[in-house]
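Computed from the coordinates by the stated procedures, all read-outs in this text should not be read as laboratory data. Since the structure is predicted, the reported quantities are computational estimates derived from the model, not experimental observations. No Cβ is skipped: glycine too gets one built from the backbone with ideal geometry, and neighbour counts run over all protein chains shown.
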Amino acid sequence: MKIIDLRSDTVTLPTPEMRRAMFEAEVGDDVYGEDPTVNQLEAEAAAMLGKEAALFVPTGTQGNQIAIMTHTTRGDEVIVEAESHVFYYEVGGIAALSGCQTRPLPGVRGAMDPERVSAAIRLDNIHYPRTALVCVENTHNRSGGCIVPQANIEAVAEVAHSRGVPVHMDGARVFNAAVAQQRPVAELVAPVDSVMFCLSKGLGAPVGSMLVGSRDFIAKARRNRKLLGGGMRQAGILAAAGLVALRTMVDRLAEDHENARRLAIALGAIEGLQVERETVQTNMVLVDIRDPRWDGPSLMAAMGEAGVPCNDVGPRRIRLVTHKDIAAADVPVAVERIAAVLKAGPTAASARSVYA
Ligand SMILES: *Cc1c(COP(=O)(O)O)cnc(C)c1O
């Protein structure tokens, strides 16, 4: 049985062209700034995003945490959206690494109310922490890859900038947002001061993310990358795959979006499942479980056994992610397997659940 792995777009394998580029990459010691392939990747990433400079980092998490560390000092406050990756999934790094406290604000599919952001920015008062940064996320992971409306990002950035506060975008999947809206990625990130995006997700590179911003910001970020142990040596081996990702893998994200759309329609028609179709905007499908015999963990376990692994993202919710290693023809096969799992019902093993 061929596994149709819908857990995440991080499971994508490097393409033959990436492996060839890695094999042939010209390399040097990047801590000395001497790796020509890393330098090329940083230059191309900065140009694509319309910013002055870029930094190659091992992971998206490190990229976000370096950005936060670079924008803040200890004791500062960072405004985050309550369901955002930096707040929810980065091991408390804002506190542990930057010594900052977070101010989570509610969002609607990732979009924070600019008026609430404005009200949350601290006034100058001896009792208060300094609001040092606002973080936005596009696409928004926990809402199922929703695109944060550009007008919202502009409004939040305007409010922050008017009070002298910079804005960082966790753009792990910002290229999905750009392709889905048929807009240049540079336009999407124009309102913000720094951006992190992942090469290792839908773009298919084996390892790596980019942090992008002003020349001065990236120079400081480079020191913080070293501090966090992210100064890599002949990293051109990895950057070579990243270059292939940037040059050849962006436009095809539209196929993943189309596959997600088709998956959402078919799964929504299965008895016991429900899909909120308006949230299926890029390469993710959130599925709510209405069949009382299942919960998120038990359905996830049963789907894994049936050759369609996914992730649970709530007590009664699973998440399916499409990517380059899922072909259009895999979609009906996956749907068939999932329908069979629901029809058969939970086995003793799959019924065991952490939420039980
Ligand atoms: C995946 C992801 C990250 C972190 O990337 P890693 O490379 O897994 O550390 C950050 N933000 C969002 C929104 C993500 O989806």
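Data table
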| item | result |
| --- | --- |
| Centre separation in Å (Cα based) which lies between region 1-45 and region 258-337 | 29 |
| Computed magnitude of the charge dipole of the chain (debye, nearest 20; Cβ of K, R +1, Cβ of D, E -1) | 580 |
| Angle between the chain longest axis and helix 215-227 axis [Cα atoms, degrees, rounded to 10] | 70 |
| Point-to-point label distance, Arg163-Arg252, nm (Cα→Cβ direction, 7 Å offset) | 4.4 |
| R0 of 22 Å, Cβ-Cβ distance Ala186-Asp216: FRET efficiency to nearest 0.05 | 0.70 |
| Amide proton proximity set for Glu34, modelled H, under 5 Å, gap of 5+ | Asp29 |
| With at most 15 other Cβ atoms within 10 Å, longest stretch of the chain clear of loop GluC sites (Glu not before Pro) (DSSP) | 53-270 |
| Förster-model FRET efficiency, 45 Å R0, Val31 and Ala95, C-beta, rounded to 0.05 | 0.95 |
| Estimated D of region 12-248 in µm² per second, where Rh is the Kirkwood radius over Cα pairs and Stokes-Einstein applies at 10 °C, 1.306 mPa s | 89 |
| Computed log₁₀ I(q)/I(0) - Debye formula, equal Cα scatterers, no solvent, region 175-285, q 0.20, 0.24 Å⁻¹ | -1.12, -1.32 |
| Sorted by Cβ neighbour density within 10 Å, fewest at the top, the residues Met303, Met22 | Met22, Met303 |
| Extension reserve of the Gln150-Glu24 stretch, reckoned as 0.36 nm per residue once the Cα distance is removed | 41.4 nm |
| ³J(HN,Hα) computed for each position of region 60-74 - Karplus, 6.51 cos²θ - 1.76 cosθ + 1.60, integer Hz, glycine/proline x | x, 4, 5, x, 4, 5, 5, 4, 4, 4, 6, 7, 10, 10, 4 |
| Ascending count of other beta-carbon atoms within 10 Å, so fewest first, for Ile68, Ile289, Ile270 | Ile270, Ile289, Ile68 |
| Sites Leu123 and Ala82 - FRET efficiency at Förster radius 22 Å, r taken between beta-carbons, to 0.05 | 0.45 |
| Assigned charges on the beta-carbon of Lys, Arg, Asp, Glu; region 264-307 dipole about Cα centre (debye) | 40 |
| Residue exposure sequence - Val57, Val308 - by fewest surrounding Cβ within 10 Å | Val308, Val57 |
| Listed residues Gly92, Gly171, Gly236, most fluctuating in the chain (Gaussian network, C-alpha, under 10 Å) | Gly92 |
| Choice from Ser194, Ser84, Ser298 with maximal GNM fluctuation in the chain (Cα, 10 Å cutoff) | Ser298 |
| Listed residues Val159, Ala54, Val335: farthest to the positive end of the dipole of the chain (Cβ charges) | Val335 |
| The chain: calculated mean residue ellipticity at 222 nm from DSSP helix runs of at least 4, using -39500 (n - 2.57) | -12500 deg cm²/dmol |
| Built amide H within the under 5 Å cut-off of Asn311, gap 5+ | Arg319 |
| Qualifying trypsin sites (Lys or Arg not before Pro) for region 1-107 [loop in DSSP, other Cβ within 10 Å: at most 11] | Lys2, Arg74 |
| Phi to ³J(HN,Hα) by Karplus 6.51 cos²θ - 1.76 cosθ + 1.60 over region 105-122, Hz, x for Gly, Pro | 10, x, x, 10, 6, x, 8, 8, 6, x, 5, 5, 4, 4, 5, 7, 6, 6 |
| Cα gyration tensor shape for region 16-76, rounded if a/c is under 1.5, else prolate or oblate | prolate |
| Max mean-square fluctuation residue, GNM over the chain, Cα-Cα springs under 10 Å, options Thr322, Thr37, Thr139 | Thr37 |
| DSSP beta bridges in region 12-248 [antiparallel fraction, %, rounded to 5] | 45 |
| Calculated over region 252-344: convex hull of Cα atoms, volume per residue (Å³) | 80 |
| Extreme residue, positive dipole direction of region 167-237, given options Gly229, Val192, His168 (C-beta unit charges) | Gly229 |
| With Cα atoms, 0 to 90° folded angle of helix 330-344 axis to the chain main axis | 60 |
| Angle between the chain longest axis and helix 296-305 axis [Cα atoms, degrees, rounded to 10] | 70 |
